[in-house]
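Below is one structure; the comments refer to it alone.
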Amino acid sequence: MSELKTAPHETTGTIDTLKEKASTAAHATSDAAHDAAKRASDAAHDAAQRASETIETNPLAVLAGGLALGAVVGALLPRTAQETKTLAPLGKKLAAAATAAAATARDVGKEQLTAALPSKDGAKEQLRSAFSTVVQAAADSGKAAVKN
């Protein structure tokens, strides 16, 4: 009969031990989760700080990167029939305008280059004039040397 009296006490001790172990494990898990959340928050803050600094120091590179990323994503997304139907005329107009602009730029560039370069006859005249000036300077120097 003494066994019956001690059994509830032992059970209570075991339950208390289990409660204590569960509480310790819960605290350890909570602490680990808190530490992991803190590290993740710090990493996110550091990444945001670096991104902000990059944007401030080199905004054009960030813009170019964003445009490139947008172009890649846009190229990877499939077009719908409605997009093709709606955007095809606009694409044709843009292509025609770009072709016309390139042709105009080419023509203006040729005109500018032609205007900047002397003609064949003009180049000959400039060379004759320069040669004549050199000959005259040499003659004048020779005369001055003879007089002295």
Test: residue in region 104-111 that is open to solvent by less than 60 Å² (accessible area, probe 1.4 Å), modelled with pLDDT of 85 or more, aliphatic (A, V, I, L, M) and at negative phi: no
The one condition in (1) open to solvent by 80 Å² or more (accessible area, probe 1.4 Å); (2) at pLDDT 85 or above that ALA68 fails to fulfil: (1)
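Counting residues that are free of Cβ contacts under 8 Å to residues at least 60 places away in the same chain and within 32 Å of the chain's Cα centre (by Cα), which helices (runs of 4 or more DSSP H) fully inside region 52-148 reach at least 1? Break it down into steps so the answer makes sense when it comes.
Working: elements: 59-76, 81-116, 120-147.
The qualifying helices (runs of 4 or more DSSP H) are 59-76, 81-116.
The values are calculated or read from the model by the stated rules, or taken from the named source; none is laboratory data. No experiment lies behind these values; they were computed from the predicted model shown. For neighbour counting, all protein chains shown are included, and Cβ atoms are generated from backbone atoms with ideal geometry for every residue, glycine included. Please note that ligands, DNA and RNA were not included when accessible areas were found on the heavy atoms of the full protein model with its side chains. Shrake-Rupley method; radii C 1.70, N 1.55, O 1.52, S 1.80 Å.
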